[in-house]
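Reading through the structure tokens given below for one structure.
The values are calculated or read from the model by the stated rules, or taken from the named source; none is laboratory data. Everything numeric here is computed off the predicted structure, so don't read it as measured data. Glycine also receives a Cβ, built like all others from the backbone with ideal geometry; neighbour counts cover every protein chain displayed.
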Amino acid sequence: MAGPGGRVGAWRLAGARSTYLRGAAEQAIEWHPWGPEPFELAKRTGRPILLDIGASWCHWCHVMDEGTYADPEVARLLAQFFVAVKVDRDEHPEVDRRYQRQVGTLTGEGGWPLTGFLTPDGETFLGGTYFPPTDGHGRPGFRRVLKEVARLWKEEPEKIRQNATAVQDGLARMRSARAGGDPALDRFVDGVRSDLAAAYDPRNGGFGTAPKFPHPTAVSFLLWDAFDSGVAETAERARETLLRMADGGMYDQVGGGFHRYSVDDGWHIPHFEKMGVDNAALIATYAEGLQRFGEPRFEEVLRGTLGWVRGVLGDPAGGWGASQDADNAPGDDGGYFTWTRGELKSALDDGEFRLLVRFFGVGTEGQMPHDPERNVLFRLLPLAEAAEGVPLSAAPETVLRRAVEKLAAVRAQRPTPTVDRALYADINGRFVGALARAGSVLGDRAVIADAQRAADRWLNAAVEPGRGIAHRLDPNGAGGFGLLEDQVAFAGGLVELAGVLAEPKYVTAATELLTLVDREFRGEDGLFRDLAPRLYDGPAIGDLGAASYPLEDAPHLSANAAAALAFERLGALLHDEQWVDKARALLGPVAARIGGAGLFATGSAWAAGLLRAPAATVVVEGSGAPAAALARAARRAWHPNVWVFEGTPAPPFSLGVAVPEGRRGARALVCRGTSCAPPVTDPDAIAPLLASAAPATP
């Protein structure tokens, strides 16, 4: 099927905004971007749709593009029998969400690339994930799959209809099975606590087995749970998980930032893509861990991750790109991020080489399975133990730092994995909140300024009254209105920034977004739909008109849990119970739907737990060095729901209680709910006052 001027292949993708789509623009496949045109073409020609959903960061998407879709026979079969549609899951999360569920209902598989076969009405009748061009990897070859699907479409249309109906029936059964009674939130929290304890890995930290993902919401839940129950073992599980992730290969020991997940249960070998959404969540969680435990390693990782985010994903005009690819060339698998002994030896002097080989476990569990000569660096031994018997020119810490800097310089000369610089509101909102919090904890005004600059850019260019915030911000404007995750993630980020800066304009913007959510996104049982029908400006193809409710963490915070947390944090910031009441009203039906989701319900359980203890506020009064010391201590102290102000906050940040009278030098007031403890002048006294779940004593 040739295009205008006789053009053949994926010419329609050449001008796409998406990095992923543009990367396929030279393929021989007649790709169409998502939209009504290919579905109309399928109806006119009587052909099925081949739907490919992937992302620029996705390793197996590249493998399928470079192998399967580069195969001439695959291209011929697609051109003869199908209409091919390619979708970037970051650009169209609402499309990805629905077709993941449809394919998963039919096959039990999900993930990326997602391969779906659809009717011209957009209903799935067959699907899967990765397919090689010919039989292999334990999977049928795509040539054979395409021939069989084309045969079924022509010769057995009733079977096609039965499969499509089975998908819709399966989705209906899932909705019906989940619509149970409304369990008490305490029972819901207890159930998640029990599930999390069963999933915890006592040997390696984290949850479950390989492949092992970071679950930041689970760590925050454990920290809250230890605060609520006083059980030290629960906090220790959170601490151990953070430490093991920090020391593993999932954290980039040379360049900072976290890879997507670990392919083994010991955190040694990662899947190498680096996702903005994951790193935003982990920045917030490591800031929380630093407050709670004061671990120097957590500060190192926090600063390293911030360095990667600001240096690699940062946009000069404000905001952050979406991700960094796993690969740096066709056929690559971690080459940019891994090292041979020879590469290390040529980059380092003898003492540095011997120290790093021992410290980073070169030749042990970090060996790449497909090429054991290449190693992922992870922290195998304590530094002092690794340095024993190694002649060093300086202290081990100095030698390590100098050696890692050398490796970073060498790595910078390698072909670099592509960065997807697309600006998405959900990712940027999470970064605004994470950097605001991290900058406050670290006392780093430059980090907070990055959050503020991004917030201002989005508010000026991508927010419209009555429509909320757009999903994507491009040089030529904003687009993609009506998605829940954008509204709640950005509102949550604005709330955090408002509290750190005591800036009313961010409260106003957050309140407007959350009010819009409360009005436009309501669905059955008071849950929030993933898109608002009145606001959504995308084409209503296939299942997009049906209500869909993002309730489970994946593994980052679900949109409904994010809404509840934004309500709670705004209520605590303004001392306004109406927002807390909205969170409570939302979490009841959420708990009824996902009471058995275990690890993937921890975001909602965390939000439910925060309802059980009054929020805290610390007000630091006075000026000069004593007041600055109190403010630093307050921002480093931990409580699961606390705000810190320097000076008595002005409206709308009303304190909600009478300020105790007394000498007005440098002092800190620690308040919980409607009561305040007596003022303190010793910075070391603040953390103990926040550490207990019991109300402050006036």
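Per-structure values
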| quantity | calculated |
| --- | --- |
| Cβ-Cβ under 7 Å pairs, at least 6 apart or on other chains, region 391-417 side in contact (Cβ under 8 Å) with a residue 40 or more places away in the chain, far side among the polar types (S, T, N, Q) | Val399/Ser393; Arg414/Asn328; Pro415/Asn328; Thr416/Asn328; Pro417/Gln324; Pro417/Asn328 |
| Residue selected from region 530-566 under the condition within 18 Å of Arg472 (Cβ to Cβ), outside any helix (DSSP H, G or I) and among the hydrophobic types (A, V, I, L, M, F, W, C), by the criterion farthest from the chain's Cα centre (by Cα) | Leu535 |
| Region 385-406 - residue that is surrounded by 14 or more Cβ atoms within 10 Å (Cβ to Cβ) and aliphatic (A, V, I, L, M) and, of those, nearest to the chain's Cα centre (by Cα) | Val404 |
| Selected residue (only one of Ala409, Ala446, Ala436, Ala454 is within 30 Å of Lys345 (Cα to Cα) and either surrounded by fewer than 16 Cβ atoms within 10 Å (Cβ to Cβ) or outside the structural domain of Arg341 (by TED's automatic domain parsing) (or both)) | Ala409 |
| Within region 348-384, considering residues that are among the aliphatic types (A, V, I, L, M), more than 14 Å from Gly334 (Cα to Cα) and crowded, with 18+ Cβ neighbours inside 10 Å, the one nearest to the chain's Cα centre (by Cα) | Leu380 |
| Of all residues making up region 457-484, the number that are surrounded by 16 or more Cβ atoms within 10 Å (Cβ to Cβ) and outside any helix (DSSP H, G or I) | 14 |
| Enumeration of residues in region 475-503 that are of a type in the set (Gly, Ala, Ser), at pLDDT 95 or above and touching a helix residue (DSSP H, G or I) at 6+ places or on another chain (Cβ under 9 Å) | Ala478, Gly480, Gly482, Ala489, Ala491, Gly492, Gly493, Ala498, Gly499 |
| Residues being farther than 19 Å from Ala559 by Cβ and outside any helix (DSSP H, G or I) - total across region 89-123 | 15 |
| Some residue of region 126-142 being crowded, with 22+ Cβ neighbours inside 10 Å and part of a strand (DSSP E or B) | yes |
| Filter result (among the hydroxyl-bearing types (Ser, Thr, Tyr) and crowded, with 17+ Cβ neighbours inside 10 Å) within region 97-115 | Tyr99, Thr105, Thr115 |
| Filtered residue count, region 318-348, keeping only those that are over 18 Å from Thr19 (Cβ atoms) and hydrophobic (A, V, I, L, M, F, W, C) | 5 |
| For Ala70: the one exception among (1) assigned to a loop (DSSP other than H, G, I, E, B); (2) touching a helix residue (DSSP H, G or I) at 6+ places or on another chain (Cβ under 6 Å); (3) modelled with pLDDT of 95 or more | (2) |
